[in-house]
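Read through the structure below, which is laid out as structure tokens, and then see the notes.
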Amino acid sequence: MKRPENDKWLDEALSEVIGAEKSEPNFEKWKQGHPQAVEMLTARAARGPSASKSPLSIRIMIMKSPITKLAAAAVIIVGVVLSISVFDKSIGTAYAIEQTIEANRGLRFIHLKYEPAGTGVEEVWAQFDDNGKLLHLRMNFPNTMDGPKDVVWQEGKAEVWFKAQKGIAVLREKNILAQLKMSYKSFDPKLLGEQLYHAQADEKKQIEIQESRSKNESITITWTRNGFRMVYKVDPETKLLQQFEKYELKDGEYKFLGLTKYLDYNQPVDPEIFVLNPPPDVIRVDQTTQEVGLAQDDLSDEEVVVKVARQFFEALIAEDYDKAGKLLQGIPGERIQQMFSDKKFLRIISIGSVAPHPNPRTQGLVVPCVVEIEKDGTISEWKLDQLGIREVYKQPGRWSIFSGIEVNE
Amino acid sequence: MNLNSETQLVEAAQNGHLDSFGALYERYHSSMVALAYSMLADRDLAEDAAQEVFAIACRDIGSLKSKERFAAWLAGICRNISRQMLRANKGKPVTLGDDFAAQSRDDTEDRREAIRRAVWSLREPERELIVMRYFDGFSQGQISEVLDISPQAVNGRLVRAKRKIAKYLKRNGLTGDDYETS
């Protein structure tokens, strides 16, 4: 793959994506929010550089707790909040976002759905312990680059069921939890409540709250920012989030993007929800105990793709099925032997030029291969037009085959 | 940058002169937001982190021995704060997931998402450079000062980081030919 000769477009793209908003320092506002820090600094004028640091140290230690931080922020910003016309004062007793935050503290279980289906995660279940810490998580993705995928996480271990590939990858890697949480973060009612609360205190952010006029009508919170609009519905009795809709500003209009509906809060949990129950023909590859694929080392992407393809076929020719399996998503050797039991691999005829995978979302590359095989006593060519190879899921720097092989089992 | 002026500001702040600290705040606030953003991948959290950075700097400025290294000292605080926020699950992980990312709706957003992923797939030092360069158009000199590396090293690392991004994007089917700013 040749290097880009003119990367002006890249400069423009990076500026657009990273530098979309300008940061505006406001020392006066900072001073208002940090009176103790200001006091400690100005006290130096009289006391010299040996000023005690304990008062702020205590504040920093306390602020490490998210809940305490929230409480502390509430004290600091209360004056600001009161000056913002957030509440529609014409409607009875004002709802306060703090009530939703308080209601969320008792959450042990939630179940939500996202619409429209097929655009990412569709259904989520999450269970928490008494302290609000995540215990179990299940997320179903009906349409991903790998086809439908269900993910469960618990106790630091994730299992990903690639339904189209009939495989389950068992992963114990810190980033998988971080990524699951990042995805879950988009829906987490606790976090959404906190974000709304903080946004409310910022004059630059537009938040409107429409109180309910009856017990049957939801409280509506509308948050508009950066070309997006979120419309939250809150149950007027429980103060829990019922749903939120997301819109994007396009051509002067806010176009609907998606709806998240909270179906159940604190319902009795069926433990089976957090367990994958695949049919018997699904292969389980435990990546916590084995490395999959081939290390890239100093090779370019194209070179490692060719090397993976070559080693895979050489392993099949040598009937080293364990090695072939390692290069094919870590599938056990005996299963590889079954998969290719009708063929005897004789020699590699050609391995062609590497190209991007036709589906860019796979983030993979393809390479055409032709292999000579013997099947039912006849020698023929086995052509793989698009053998798909990419970095192993959650094993950066290692590459394996992930698509382009069809076998008769 | 006028080094004497900055060391004078730092010294004055160490002696309790609030306006001098304010001048340092105005000078480095954006770069701290950018640096935090490179780790947290969330603009609002990065703003929060920057506020905390200056609260700690305000408290500890008396302990800073090398006044000419104020920016690098500030950057060290910023990295610590950002890591604390990540540990407290208050921030996005820096590695963006393939299919776990927010649902993209159209080609333009897909492209932007691909670029974001390309940036956050870089190693932390490279990511810091790229984000600082493009976040608010910081010069190589400014980046060099905050990250405490030579301008030549900034230049070299920027070139390498951009090459990696371009390679990542090309692998995902995105090149300059089909990139159009909308």
Surpassing 27 Å at the alpha-carbon level, of the pairs A:113/A:250; A:190/B:170; A:250/B:167; A:185/A:239, are A:190/B:170; A:250/B:167
Averaged over its residues, how many other protein chain Cβ atoms are within 10 Å of peptide A:26-36's Cβ atoms? 4
Quick one: divide the alpha-carbon radius of gyration of the range A:298-366 by 2.2 N^0.38 Å and tell me what you get. 1.19
In the range B:28-87, which trypsin sites (Lys or Arg not before Pro) are in a loop and have at most 16 other Cβ atoms within 10 Å, using DSSP for the loop call? B:65
Among the listed pairs A:307/B:162; A:8/B:164; A:133/A:261; A:149/A:261, those beyond 24 Å (Cα-Cα): A:307/B:162
From the Cα centre of the range B:117-148 to that of the range A:200-244, the distance in Å is 37 Å
Please compute the average number of Cβ atoms from other chains found within 10 Å of each residue's Cβ in peptide B:129-138. 4
Local net charge near residue A:315, Cβ-Cβ under 9 Å (Lys/Arg +1, Asp/Glu -1): -2
Between the chain alone and the structure with every protein chain in place, find the residues of the range B:35-55 that drop at least 50 Å² of accessible area; heavy atoms, 1.4 Å probe. B:43, B:44, B:52, B:55
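The values are calculated or read from the model by the stated rules, or taken from the named source; none is laboratory data. Since the structure is predicted, the reported quantities are computational estimates derived from the model, not experimental observations. Using ideal geometry, Cβ is built from the backbone for each residue, glycine included, and neighbour counts are taken over all protein chains shown. We work out accessible area using only protein heavy atoms, side chains counted, and drop any ligands, DNA or RNA first. Shrake-Rupley method; radii C 1.70, N 1.55, O 1.52, S 1.80 Å.
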